[in-house]
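Everything below concerns the one structure shown next.
The values are calculated or read from the model by the stated rules, or taken from the named source; none is laboratory data. From a predicted model like this one, the values you see are computed outputs, not experimental measurements. Here Cβ is always computed from backbone atoms with ideal geometry, including for glycine, and neighbour counts include all displayed protein chains. For accessibility, only protein heavy atoms count, side chains too; no ligands or nucleic acids. Shrake-Rupley method; radii C 1.70, N 1.55, O 1.52, S 1.80 Å.
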Amino acid sequence: MHSDWLIGIDLGGTKTEVILLDRHSKEHFRKRVITPAGDYRATLETIGLLVRETEAQVGVTGLPVGVGIPGSVSGITGRVKNGNSTWLNGQPMQDDLCRLLQRSVTLTNDANCLALSEATDGAGKDYGMVFAVILGTGCGAGISVNDRVLSGPNGVAGEWGHNPLAWTSQSELAARPCFCGRHGCNETFLSGTGLSLTYQRLTGQQLPALDIASNARNGDPDAAEVMAHYLEHLARGLAAVINVLDPDVIVLGGGMSNVKQLYEGLPEKLPQYVFGGECQTPVVRAEHGDSSGVRGAAWLGRPLRWPAF
Ligand SMILES: [Zn+2]
């Protein structure tokens, strides 16, 4: 019975969610609590309590646990790095959770969880290599190959959000400082925050990203111009990925993934930047929406012998 259940935890900056999945992808329990932001020990304890409460639902212990975190796990030191939830950075979180829960625990970046979730039983399930992007407040990405997360020896595979936007002038890049200390990162153009910045520079006004997209659809000329720029930027960012990885599918998640114009515009724009001038890579919207993070975390513990969906 044990091996038929998986526990996933999505640790966010404000909320922490747990899910219990069975091998057929059916959800049996889910709960969301406030993340004790700023307090590492309390964060570990919160995860411990959620795992125990979940196991109590089915009367078993020792289930596989996967955890998605807003950061990456260094392949060199095993410690958390690059997280905007800075109280996790530098902590040996995987080791601490293994000790606390008395079992092996798999920890990975939340964008990797999106990739794994969509590759396993979502919009990428019919494809071998899935490049999944979170276009939200920030911009992150993850890679799944044959339903396994590709993380790499440094633990940074997919961290494309902090490459400079390709085919973009030095002056445009320099005008976009990023929290990471560099300038012109993909995140500064492609996140919802980046879109709002483009709009503010054109109009002098602040507007949430999704409002800009809907105003553009309703015929507002400024919003339409800004969305045209955004589409151009996104095509550059994704074409640079295609030129390196050539994934079988690109899955978009996060708030901006709900913007229909992206799926209409990208097929025409991508070939302008992909080497050779042709591109038929499908770009699709994540199927599991906000649940992708927690579902992907659960799939981290999926035994190899389980058949694919
Ligand atoms: Zn950056």
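Are there trypsin sites (Lys or Arg not before Pro) in the range 11-41 that DSSP puts in a loop and that have at most 12 other Cβ atoms within 10 Å, and which ones? If you can, show how the numbers build up before the last one.
Numbers: sites: Lys15, Arg23, Lys26, Arg30, Lys31, Arg32, Arg41; in loops: Arg23, Lys26.
Within the range 11-41, the qualifying trypsin sites (Lys or Arg not before Pro) (loop, at most 12 other Cβ atoms within 10 Å) are Lys26.
For the range 123-236, would you read off the P(r) tail past 18 Å as a percentage of all alpha carbon pairs? The partial results should precede the final answer.
On the way: 3527 of 6441 pairs.
Of all Cα-Cα distances in the range 123-236, 55 percent exceed 18 Å.
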(request) Calculate, for the range 1-122, the solvent-accessible area per residue in square angstrom, rolling a 1.4 angstrom probe over the heavy atoms of the protein chains. (result) 41
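Suppose R0 equals 30 Å; then what is the FRET efficiency for Thr77 and Val33 from their Cβ-Cβ distance, rounded to the nearest 0.05?
Rounded to the nearest 0.05, the efficiency is 0.55.
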(request) Over the chain, with every protein chain in place, what whole percent of the accessible area is carbon and sulfur at 1.4 Å, could you tell me? (result) 50
(message) Checking the cross-link filter: which lysines have an alpha carbon closer than 24 Å to that of Lys269, excluding same-chain neighbours under 8 positions apart?
(response) Lys260
(request) Would you please give the FRET efficiency between Ser104 and Leu202, computed as 1/(1 + (r/R0)^6) with r the Cβ-Cβ distance and R0 = 51 Å, to the nearest 0.05? (result) 0.50
(request) Ignoring everything but the protein chains, give the 1.4 Å probe accessible area of Cys180 in square angstrom, nearest 10. (result) 60
(message) Among Gly219, His233, Pro177, which residue has its Cα furthest toward the positive end of the charge dipole of the range 123-286, with +1 on Lys/Arg Cβ and -1 on Asp/Glu Cβ?
(response) Pro177
(message) Expected output is a single nm value to one decimal: the length gained when fully extending between Phe309 and Phe275, i.e. 0.36 nm times separation in residues minus the C-alpha distance. What is it?
(response) 8.9 nm
(request) Obtain the nm distance between the two label points defined at Asn84 and Asp220 by a simple spin-label model: each point lies 7 Å from its Cα along the Cα-to-C-beta direction. (result) 2.2
(request) Pull up the cross-link candidates among the lysines for Lys31, meaning alpha carbon to alpha carbon under 25 Å and not fewer than 8 places away within one chain. (result) Lys15
(message) Among Asn89, Asn215, Asn186, which one shows the highest mean-square fluctuation when the chain is modelled as a Gaussian network with alpha-carbon springs under 10 Å?
(response) Asn215
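How much length would be gained if the chain were fully extended between Tyr263 and Lys125, taking 0.36 nm per residue of separation minus their Cα-Cα distance, in nm to one decimal? Write out the running numbers ahead of the final one.
Working: separation 138, 0.36 × 138 = 49.68 nm, distance 1.87 nm.
The span from Tyr263 to Lys125 would gain 47.8 nm if fully extended.
Using the heavy atoms of the protein chains alone and a 1.4 angstrom probe, what is the accessible area of the range 129-267 per residue in square angstrom?
The answer is 43 Å² per residue.
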(request) About the Cα centre of the range 23-94, how large is the charge dipole given +1 on each Lys and Arg Cβ and -1 on each Asp and Glu Cβ? Please answer in debye to the nearest 20. (result) 160
(message) Kirkwood Rh and Cα-based Rg: tell me the resulting Rg over Rh for the chain, rounded to two decimals.
(response) 0.98
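To the nearest 20 debye, what charge dipole does the chain have about its Cα centre, counting +1 at the Cβ of each Lys and Arg and -1 at the Cβ of each Asp and Glu? Walk me through the numbers before you get to the answer.
Numbers: 25 positive and 31 negative charges, 139 e Å.
Computed charge dipole of the chain: roughly 660 debye.
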(message) List residues of the range 8-40, by number, whose backbone nitrogen lies under 16 Å from a label position 7 Å along Cα→C-beta of Ala56.
(response) 18-20, 29-33
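Using DSSP H assignments, which helices in the chain have an axial alpha-carbon span of 18 Å or above and a mean Kyte-Doolittle hydropathy of 0.5 or higher?
Details: long enough: 40-58 (28 Å, 0.06); 221-244 (35 Å, 0.54).
Sorted by number, the helices that extend far enough and score high enough are 221-244.
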(request) Could you point to the residue in Trp299, Leu20, Ala42 farthest towards the positive end of the chain's charge dipole, with +1 and -1 charges on the Cβ of Lys/Arg and Asp/Glu respectively? (result) Ala42
